[in-house]
Amino acid sequence: MCLAAFALNAHPRFPLVLAANRDEFFARPTAAMDWWADAPDLLAGRDLTSGGSWFGLTRSGRLALLTNVREPGRNDPTAPSRGALVTDWLRSNAPFADFAAQQLPAGHNGFNLIAADVASNTWHWLSNRVPASRRLGPGLYALSNAALDTPWPKTTGLRAALADALDQSADAPSLIERLLAVLADDTAAPDATLPDTGVGLERERLLSPRFIRIPPLPGAAVYGTRCSTVLVREADGATWVVERSVTANGESLPRRVHQLSHWPA
């Protein structure tokens, strides 16, 4: 993922709500969110180049969400795949502290990982660009390609939109539709509000909307928002996971809808 907002125990009916966009080159092969044949308890999209993922969950209640840290001057093309962090957490039974101690020295490029065990209601933010991980309590959070809750326009805007959607939605279907709509907002942020991440002003403008579509240069691959994902869990455990994907030409693909009658199982 490159943008996410999530609400943890912030609403009496919806104890967990998550809305996120994945930005990636369209030429990178990807499998849509589904239950994995080689790991039947794991629901996630799949990067078919490196085998990892950007967001996923397990029937038993583990959840992981990954964003990259935008730091062009520090990128190491030989570093291990960050997408493996998601699948390593989902496939593991290790406590978070043991998992984090294993991953931080592994030499990845900059990352943020939200690692959760929904069954025990424990949530952590792990990054190799801050001194220590952080346990997350009830509240609303937003994450993009910097530290958790860094006040970029797209993160503050999505967190506010999530709060509004929670206030205005009478049921899960209406909440899902509201969140998919706000994830599709392609409005660029004003120049005065843009961060300086080392990619230049024009690139900052292009990367500032929630929904990104960057016109390709001659001979270059198309980059932008490839899918939007919304997860809504109700107080009784009923859970919806909806993925909406688009092509490089902007055409919408059929939605992937996964409904769990009670999660964690």
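The values are calculated or read from the model by the stated rules, or taken from the named source; none is laboratory data. Not measured: the values here are computed from a predicted model. A quick note on method: Cβ atoms are made from the backbone with ideal geometry, for glycine too, and the neighbour counts reach across all protein chains shown.
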* Sort out which residues of segment 70-117 are closer than 19 Å to LEU143 by Cβ and touching a Pro at 6+ places or on another chain (Cβ under 7 Å), and write them in order of number. => HIS108
* To do: Can you give me the number of residues within segment 32-83 that are more than 18 Å from ASN128 (Cβ to Cβ) and aliphatic (A, V, I, L, M)?
  => 10
* Asked: Residues of segment 167-188 being aliphatic (A, V, I, L, M) and buried (at least 19 other Cβ atoms within 10 Å of the Cβ), which ones?
  -> ALA172, LEU175, ILE176, LEU179, VAL182, LEU183
* **Among the residues listed as ALA165, ALA147, ALA192, the single one being modelled with pLDDT of 95 or more, outside any loop (DSSP other than H, G, I, E, B) and farther than 29 Å from ARG255 by Cα** => ALA192
* Asked: Only one of (1) part of a loop (DSSP other than H, G, I, E, B); (2) surrounded by 22 or more Cβ atoms within 10 Å (Cβ to Cβ) fails for LEU18. Which number is that?
  -> (1)
* For segment 28-64, enumerate the residues that are under 19 Å from VAL246 (Cβ atoms) and surrounded by fewer than 13 Cβ atoms within 10 Å (Cβ to Cβ). => PRO29, ALA31, LEU48
* Structure fact -> Across (1) touching a His at 6+ places or on another chain (Cβ under 7 Å); (2) closer than 21 Å to THR229 by Cβ, LEU158 clears everything bar (1)
* What are the residue pairs meeting all of these: first residue in segment 201-217, first residue farther than 14 Å from CYS2 by Cα, second residue assigned to a strand (DSSP E or B) and not basic (Lys, Arg), Cβ atoms under 8 Å, and 6 or more apart or on different chains? -> ILE214/TYR223; ILE214/GLY224; PRO216/TYR223
* Asked: Looking at GLY250, is it out of contact with any Cys (no Cβ under 7 Å at 6 or more places or on another chain) and in a strand (DSSP E or B)?
  -> no
* To do: Would you mind finding the one in VAL232, VAL241 that is surrounded by 19 or more Cβ atoms within 10 Å (Cβ to Cβ), of a type in the set (Val, Ile, Thr), within 28 Å of LEU57 (Cβ to Cβ) and touching a helix residue (DSSP H, G or I) at 6+ places or on another chain (Cβ under 8 Å)?
  => VAL232
* In segment 186-197, is there at least one residue being of a type outside the set (Ser, Thr, Tyr) and closer than 17 Å to THR229 by Cα? -> yes
* Asked: For segment 174-185, does any single residue satisfy the condition of being touching a residue at least 60 places away in the same chain (Cβ under 8 Å), outside any helix (DSSP H, G or I) and β-branched (Val, Ile, Thr)?
  -> no
* Test: residue in segment 139-152 that is surrounded by 19 or more Cβ atoms within 10 Å (Cβ to Cβ) and over 15 Å from the mean Cα position of the chain (by Cα) -> yes
* To do: Can you give me the ranges of the strands (runs of 3 or more DSSP E) entirely in segment 38-140 with at least 1 residues that are of a type in the set (Lys, Arg)?
  => 39-47, 62-68
* Structure fact -> When segment 201-242 is checked residue by residue, the ones that are closer than 14 Å to GLU24 by Cβ and among the charged types (D, E, K, R) are ARG213, ARG226
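Residue-wise test of (1) farther than 21 Å from THR225 by Cβ; (2) touching a helix residue (DSSP H, G or I) at 6+ places or on another chain (Cβ under 8 Å).
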residue: PRO40; (1), (2): yes, no
residue: GLY51; (1), (2): yes, yes
residue: PRO72; (1), (2): no, no
residue: VAL86; (1), (2): no, no
residue: PHE96; (1), (2): yes, no
residue: PRO105; (1), (2): yes, no
